[in-house]
1. By how many degrees, between 0 and 90 and to the nearest 10, does the Cα long axis of helix 2-13 differ from the longest principal axis of the chain?
2. Once amide H atoms are built 1.01 Å from N in the peptide plane, which residues 5 or more positions from residue 518, or in another chain, come under 5 Å H to H?
3. Give a residue-ordered list of calculated ³J(HN,Hα) values for region 489-494 (Karplus: 6.51 cos²θ - 1.76 cosθ + 1.60, θ = phi - 60°; whole Hz; x for Gly, Pro).
4. On the protein heavy atoms, probe 1.4 angstrom, tell me the percent of accessible surface of the chain carried by carbon and sulfur.
5. Using a 1.4 angstrom probe and counting only protein chains, how large is the accessible area of residue 296 in Å², to 10?
6. First select every other residue whose beta carbon is under 14 angstrom from the beta carbon of residue 2; then total the charges, Lys and Arg +1, Asp and Glu -1.
7. Amide H of residue 300: which non-local residues (sequence gap of 5 or more, or other chain) have their own amide H closer than 5 Å, using H built in the peptide plane?
8. Projected area of the chain, taken from the Cα convex hull and averaged over every viewing direction, in nm²?
Amino acid sequence: TPEARRFAVETLWRGPVARILSFDRIAKQMGIPAFFSVPIAFSPDGRWLATKSGDRILLFPRDGGPPRSHPPAPVKGNAGALAFGPQSDLLVASGSGPSLRFLSVPDLREVRSLDLGGIGSFGWVADGTLWTYTRTSASDSRSLLRSWSLPEGLPRTVTRLDMKSYFALDALGGRLAYARGRTLVLRPLDGSGPPRERIVGQLQDDLFQVWFISRGDSLVSLDKAGEIRLWSPTRVGTTRVLETKSALGTVSPVLAVEDEGQRLAVGVGNASVHSWDLRDPPDAEPATLSRPGTEWDLQAAFDPSGPWLATNNALSVALWPLSNPSARPLRGQQGGIGSRLHFSPDSRWLASCPTGQEARLWPLDPSDGGMRTLAGTPCLGLAIHPAGTHVLVGADRGGAALYPIAGGPPRVLVTGWEGAVSWGANGTTFDASGRRAAAARFDTQDPKLRGLRVWDLKTGEARTFSLAHLTDASWTGLFDLLFAPDGSLFGGGPGGVRRLVLPVDANGTVSSEPIYPMAHANFDLSRDGRTLLAWGTRNQQLIGSFEELLVFDLAARTSRRITTHGRRLLTAALDATGRIIVTGDVDGVVRVGPVTGEEPHLLLGHAGQVRAVAASPDGRGAAGEARRAHQPARGSRPVVRHRLEARHRSVPGLEGRADVVTQR
C-alpha cells in the first residue's frame with residue numbers, strides 16, 4: 001500500500017540501517033562466556049573483523065561464516081593491542097604480562113610473542129609497521145616509542161618521549177603532533193638534538209585528541225570543549241571546523257579515521273556516533289548513527305575495502321553501510337515562507353533565497369570554504385549566471401545586485417523601484433547567453449507599478465517595460481520569471497503561466513500569450529526551451545497547495561497531466577535534460593521521477609512542508625548512481641546532501657547522477 005511503502009522508505013532515509021553481531025547469542029552458540037567487548041579492527045583486505053569478548057579474541061569472516069575464537073592469555077597482560085599485519089595474515093594482540101602475541105590468520109595460531117618490558121604498553125599498526133609506546137617504570141616520566149618490522153617483530157627505532165598530553169604519529173613515523181598548552185605543534189621524530197617544533201595553530205581549549213589523516217596531509221584535533229578542527233601541517237591556522245562545543249555538548253572521542261582520510265567517526269554520547277565524510281559540502285552535518293541502550297566504552301573502525309563503519313558497544317558490533325542512501329543537512333539558514341534554490345552550471349555551488357532573509361551561497365566542494373551571505377537585505381529573486389560567475393539577487397525593497405561567486409563587492413543594478421514599500425524585485429533571471437538579466441515587479445494594489453526591468457550587462461544599458469496593460473484582477477504580476485532560448489520570457493504567479501515577448505521597437509509594448517491559466521501557478525523550463533513544467537491551483541486565496549502538475553511540450557503545443565506526484569504540491573523543478581521531475585509537497589515528501597509520469601522515487605525525512613527544490617546540471621554521470629541533496633524541515637537545519645543508488649532500474653530516466661536539493 002502507499003502508506004506501507006512510505007513508512008518503509010522513510011525509515012530507511014532516516015539513516016543507515018545497521019547489521020548487528022550479537023555477542024551473547026554468538027557466545028551461546030560457541031559455548032564460550034559472553035563479556036563486554038571493547039577493541040575492534042578490520043584486516044587491510046577487508047576479509048576479517050577482529051574484536052574481543054572479555055579477553056577472548058573473536059575473528060569474523062566477511063562472507064558471514066561462523067566466527068573463530070582464541071582463548072585469553074594464561075596471565076593477564078599490561079600491553080594492549082589489536083591490529084592486523086599489512087598482508088592481513090597476522091593479528092597482533094595482547095599477551096601475558098608485558099608481551100604481545102602474533103597470531104596467524106585465520107587459524108589464530110600463536111606464531112611468536114614480543115616482550116616489551118615496562119609497566120604498561122599499547123601498540124598499533126600503521127603503514128605496515130608495528131609501533132609500541134611503553135612506560136618503563138613509575139619513576140621515569142619518559143616512555144619508549146619503538147617500531148617493529150612485521151611479520152618478523154624486529155625493533156627498528158628506539159626513542160624516548162616525555163609526552164604530557166595525547167599525541168599522534170604520522171603513518172610513516174616521521175612526525176609527531178601534540179599540544180604545548182593550547183598550541184598545536186609538529187616536530188620531526190629523528191631523535192637528533194633538541195626537538196624542532198613548528199606551530200600548527202591555536203586550540204580553543206586543552207587538547208583531548210589529535211590524529212593524522214590522509215597519510216599525514218591533514219590533522220584533526222578534538223579539544224576538551226568538544227570542538228573538532230581540521231589543520232594543514234604545512235601552514236598555520238584552521239582549514240575547517242567540523243563541530244563546535246555547542247553541537248557536541250560534551251567531550252567525545254574521535255573513534256576512528258579512515259585510512260585514506262576521507263571519513264572519521266566521533267562518539268557523541270548515548271551510544272551514538274557522528275560519521276563525517278570530508279568530501280561532503282563543508283557546511284554539511286554528519287550522518288548520525290544511533291543505537292538504543294547504554295554506552296559502554298564505545299569503539300569504532302572503518303573497513304578499508306569498502307564503505308562500512310563498525311561500532312562496538314557492550315555485547316554487540318554494529319556494521320553501518322555508509323554507501324546507502326543518506327541525507328546531509330547544510331547549516332546556516334532559517335527557512336522562509338517561500339524559497340528559491342539554484343545550482344551553479346558546474347554544480348559546485350548552491351544559492352538559496354529564503355523569502356524574508358538574506359540570500360546565501362553554499363560551496364559543495366570542501367576546498368571552497370564555507371557558506372556566506374550575499375546581501376544585507378531580505379531577498380525575493382535569485383538567479384545564477386550561465387557562466388557560473390555571478391549570482392543575481394532581487395531584494396524585497398526593489399533593489400538588485402550581481403554578486404561574484406569568487407567573492408568581492410557586488411555590482412548594483414538600478415531597477416527604479418528602490419525603496420518600494422510593496423514587494424520588490426521578483427523573478428530575477430539571465431538569458432541563455434548571460435548578456436541580459438531581468439527582474440519583475442509585483443504589486444497587488446497599483447497596476448501601473450507592475451513591470452519588467454531588463455539590463456544589458458555588457459553595455460550597462462537598461463529598459464523598463466510596463467505590464468499594466470496585461471494585468472487585471474486575475475493576473476496581478478509575476479512571482480517567477482525565466483528567459484527562453486529564443487529570447488522570450490515565461491512568467492508565473494497569480495493568473496497562471498504566460499509567455500511574454502519583448503518589443504524590438506523602443507516605443508513598443510510587451511505582448512502576452514497565456515500558457516496555463518489558473519488562479520495561481522508556478523513553472524520551470526527545460527534548458528532547450530521545449531518542455532515546461534507547471535503546477536497550479538484554482539484557489540483564489542492562495543491558501544494550501546497546488547493540486548495540478550502538467551508537462552507542456554511547447555513545440556507540439558500539447559500538455560500531459562502528471563498524477564503520480566500527488567495533489568498537495570508546493571514546488572517542483574526539472575533537471576537540466578528536461579527528463580526528470582522533482583517535486584515537494586505540504587507533507588514533507590520529495591518525489592523524483594521521469595517526466596513521462598511513472599511512479600517516482602520518494603526522498604523522505606522532512607517534518608514539514610517542502611518549499612523549494614532544485615536539480616543539479618550535472619545530471620548524467622556514472623550509470624546506476626544518483627546523488628541527491630535536500631533541505632530538512634527544521635528551520636535551523638537548512639540544506640542536506642543525499643546519496644542514493646538508482647536501484648529502481650525499471651524507472652526510465654533515472655540512470656546517472658543527479659543532485660536534488662529541497663528546502664523547507
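1. 50 degrees
2. 495, 496, 497
3. Karplus-based 3J(HN,Hα) across region 489-494 equals 10, 10, x, x, x, x Hz.
4. Values: 14310 of 28120 Å².
Taking all protein chains in place, the chain shows 51 percent carbon and sulfur surface.
5. Approximately 130 Å² of residue 296 is accessible to the 1.4 Å probe.
6. Details: positive: 5, 6, 567, 568, 591; negative: 3, 10, 585, 587, 599.
Combined, the nearby Lys, Arg, Asp and Glu give 0.
7. 312
8. On the way: hull surface 133.1 nm².
Mean projected area for the chain: 33.3 nm², to one decimal.
The values are calculated or read from the model by the stated rules, or taken from the named source; none is laboratory data. Being a predicted model, the structure only gives us computed values, none of them experimental. Quick reminder, even Gly has a Cβ in these numbers, built from the backbone with ideal geometry, and neighbours come from all protein chains shown. Ligands, DNA and RNA are stripped out before the accessible areas are found, and what is left, the full protein with its side chains, is counted by its heavy atoms. Shrake-Rupley method; radii C 1.70, N 1.55, O 1.52, S 1.80 Å.
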